Amino acid sequence: MNIIVKVLNRVSRFVYRSFCGKRKVFSSQSVRENLITLNYDRNINKLIEDYYVSKISLVILLALCGCFLALILHFSTLADTAIEDDGSIMRNPPGGREQEYSVVARDTDGEVLGEYDLVVKERKFTRKEADELFEKASMEIEKEILGENQSLDEVRSDLRLVEKLEGYPFSISWTVDNPDVMRYSGEIVGEPSSDEGEIVMLSATYKYDGMTWMQVFYAKVLPIELSPQEALEKRLRALIDSGAEETKYDERLILPGTFEGERIIWSEKSDDNSLLFLLLMLVTGALTFVLKDKELQKKIEERQDHLKGEYPQFVSQLVLYLGAGMTMRNVFNKLSDDYLAKRKEGREKSYLYEEIVRTSRELSLGKSESEAYTDFGYRCGGQQYTRLCTLLTQNLRKGNSELLSLLNDESRRAFEELLDSVRKKGEEAGTKLLLPMTLMLLIVMVIIMIPAYMSF
């Protein structure tokens with residue numbers, strides 16, 4: 001797994017340096033600023049490269065997974081077989097349909113011995129069972145043969161004179177007393193002799209395992225109008241049915257090769273969705289690449305929320321240490337040292353104290369307090385920190401006494417703003433819960449009303 005990750009990382013880094021790094025194809029100023037905010041102590045160029053390499057790696061990984069899974073899906077459609085390991089094929093139960101398979105015989109060396117079309121018939125019924133099934137089939141077949149017609153008293157489109165009835169073992173053959181109007185397949189090929197229609201007698205012969213039954217229907221065929229496309233489809237269907245009738249004793253059904261002087265190319269409709277699956281994975285990879293920036297922006301928003309939540313406690317600490325006689329520089333050093341010690345003990349990372357540590361180090365390196373506090377407020381953002389750093393820079397020469405009074409006022413204001421913020425979030429949460437509570441009320445009302453209504 002580590003080898004795959006390393007190879008993927010190298011490929012992604014090569015792609016970035018070849019196409020993205022030099023030409024700045026995907027560079028974004030907002031992404032750059034967000035990364036600097038979250039990781040101030042790292043090389044920004046290396047940071048940006050690692051960020052985009054991770055995005056490209058994710059896209060490549062999704063594309064490879066899509067290709068792999070698409071191939072599996074494609075070949076699984078080819079590998080589906082009804083032949084068991086022992087060479088047997090399960091028959092349908094009595095009354096089911098026969099099954100057709102195309103099978104290939106190979107020897108132990110893999111050489112093809114022959115390809116065959118195999119028909120596996122259902123298990124047989126007894127005479128008594130067959131008579132009972134015929135009684136049921138004779139009542140159901142009229143609905144089956146109607147096709148798009150409402151009844152046999154008003155036939156305006158082709159009938160479906162089926163040769164097999166779903167759920168029954170009979171093979172059904174038809175005879176029509178007027179082939180000039182209707183073929184044995186139920187296709188209407190001619191116009192009735194009058195506008196009032198013409199009666200056509202249909203005789204159905206049921207056969208099963210040497211047994212025979214007869215049933216007669218009368219259909220009233222009315223004149224119909226066909227569009228050019230419908231007429232073309234009907235002629236082609238007639239050609240197909242004619243070929244099927246001529247080859248009904250052959251092992252194969254040969255589809256027409258030409259139609260009205262034009263060559264016909266036949267293909268089987270398949271449900272191979274591998275290409276669609278691959279396209280879906282590639283689209284997912286592209287969306288992931290774009291949404292990665294949204295994730296970065298969300299981290300910035302979470303950082304601002306944490307900074308706002310830690311502000312009141314931070315101001316209280318400033319008041320406490322200043323009241324004890326410490327200078328502001330020493331306060332920042334004290335808070336920085338305490339935080340670093342707790343981090344070694346396992347304390348979670350704090351965005352505010354990371355900025356305090358950074359400010360303390362800047363002061364140690366000789367940066368002026370005014371610039372350090374101004375930069376601290378800029379990095380933290382928000383009105384509270386801007387206001388606080390303004391107080392700190394303006395009162396550097398006035399001493400701690402006046403600054404302490406101002407910070408006490410700022411501390412009270414910060415806690416009041418925190419309470420207002422918490423109250424506002426509580427109101428928003430209540431509003432969000434209103435819809436689920438309404439739905440729960442409706443569900444309870446339905447649960448109560450339906451049994452009460454059904455009891456009357």
Can you compute the helix-only [θ] at 222 nm over the chain? Use -39500 (n - 2.57) per DSSP H run of at least 4 residues, normalise by all residues, nearest 500 deg cm²/dmol. -20000 deg cm²/dmol
Working out 0.36 nm times the residue gap between GLU246 and GLU427, then minus their Cα-Cα distance, what length gain in nm do you get to one decimal? 57.2 nm
Only four residue types carry charge here, +1 at the Cβ of Lys and Arg and -1 at the Cβ of Asp and Glu. Report the dipole size of the range 260-322 about the Cα centre in Debye, rounded to the nearest 20. 480
Efficiency by 1/(1 + (r/R0)^6): what FRET value for ASN178 and HIS74, r their Cβ-Cβ distance, R0 = 41 Å, to the nearest 0.05? 0.20
³J(HN,Hα) across the range 410-425 via Karplus (A = 6.51, B = -1.76, C = 1.60, θ = phi - 60°), whole Hz, x for Gly/Pro? 5, 5, 5, 5, 4, 5, 5, 5, 5, 5, 4, 5, 5, 5, 5, 5
Prolate/oblate/rounded call for the range 112-183, Cα gyration tensor, a/c under 1.5 rounded: oblate
Here FRET efficiency (C-beta to C-beta, GLN304 to ILE265, R₀ 60 Å, nearest 0.05) is 0.40
From the Cα gyration tensor of the range 355-429, with a ≥ b ≥ c the square roots of its eigenvalues, which class applies: rounded if a/c is under 1.5, or else prolate if a/b is larger than b/c, or else oblate? oblate
Inter-label distance for ASP131 and GLU100, nm, one decimal - labels placed 7 Å from Cα along Cα-to-Cβ: 3.4
Given N residues in the range 152-206, what is its alpha carbon radius of gyration divided by 2.2 N^0.38 Å? 1.21
Return one number: the angle in degrees, 0 to 90 and rounded to the nearest 10, between the long axis of the Cα atoms of helix 44-79 and the longest principal axis of the Cα atoms of the chain. 20
What figure, in Å² to the nearest 10, do you get for the accessible area of TRP266 with a 1.4 Å probe and non-protein molecules left out? 100
Would you mind calculating the gained length between ASP338 and ARG237 on full extension (0.36 nm times residue separation, minus the Cα-Cα distance), in nm to one decimal? 27.5 nm
Using the per-residue mean of other Cβ atoms lying within 10 Å as a proxy for protection, in what order, highest first, do the peptides 7-17, 434-444 fall? 7-17, 434-444
Packing rank of 352-362, 367-377, where each peptide gets the mean count of other beta carbons within 10 Å, highest leading: 352-362, 367-377
Can you tell me the FRET efficiency between VAL290 and MET214 if r is taken as the Cβ-Cβ distance and R0 is 60 Å, rounded to the nearest 0.05? 0.30
In Å², and per residue, what accessible area does the chain have when probed at 1.4 Å with the other protein chains present? 68
0 to 90° range, to nearest 10: angle between helix 274-323 axis and the chain longest Cα axis: 20
Hey, what did the range 269-425 get for relative contact order, percent, Cα under 8 Å, at least 6 apart? 25
Helix 369-380 sits off the longest principal axis of the Cα atoms of the chain, rounded to the nearest 10 on a 0 to 90 degree scale, by 20
Among LEU352, THR327, LEU340, pick out the residue whose Cα is farthest towards the positive end of the charge dipole of the range 327-373, where Lys and Arg carry +1 and Asp and Glu carry -1 on C-beta, about the Cα centre. LEU340
Between LEU61 and LEU439, what is the spin-label point distance in nm, taking each point 7 Å from the Cα along the Cα→C-beta axis? 3.2
Once both label points are put 7 Å beyond Cα along the C-beta direction, the THR390-GLN317 separation in nm becomes 2.4
Under 15 Å from a point 7 Å along the Cα-to-Cβ line of LEU38: which residues of the range 292-309 have their amide N that close? 292-306
How big is D, in µm² s⁻¹, for the chain by Stokes-Einstein at 10 °C and 1.306 mPa s if Rh is the Kirkwood radius over C-alpha pairs? 49
Ranking LEU434, PRO256, VAL11 by how far each Cα lies towards the positive end of the charge dipole of the chain (+1 on Lys and Arg Cβ, -1 on Asp and Glu Cβ), the top one is VAL11
Please state the charge dipole magnitude for the chain, taken about the Cα centre, from unit charges on C-beta atoms (+1 on K and R, -1 on D and E), reported in debye and rounded to the nearest 20. 4860
Would you calculate the convex hull of the Cα atoms in the range 402-456 and tell me its volume per residue in Å³? 48
Taking the chain and dividing mean pair separation by its residue count, relative contact order in percent (alpha carbons under 8 Å, at least six apart): 12
Stretched out fully, how many nm does the piece from ASP109 to LEU418 gain, at 0.36 nm a residue minus the Cα gap? 103.2 nm
Between GLU98 and residues 5 or more places away or on another chain, which pairs have amide H atoms under 5 Å apart, with H built 1.01 Å from N, and which residues are they? GLU122
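The values are calculated or read from the model by the stated rules, or taken from the named source; none is laboratory data. Model, not experiment: these values are computed from the prediction. Counting neighbours? That spans all protein chains shown, and the Cβs are built from the backbone with ideal geometry, glycine included. The area values use the complete protein model at the heavy-atom level, side chains included, leaving out ligands, DNA and RNA. Shrake-Rupley method; radii C 1.70, N 1.55, O 1.52, S 1.80 Å.
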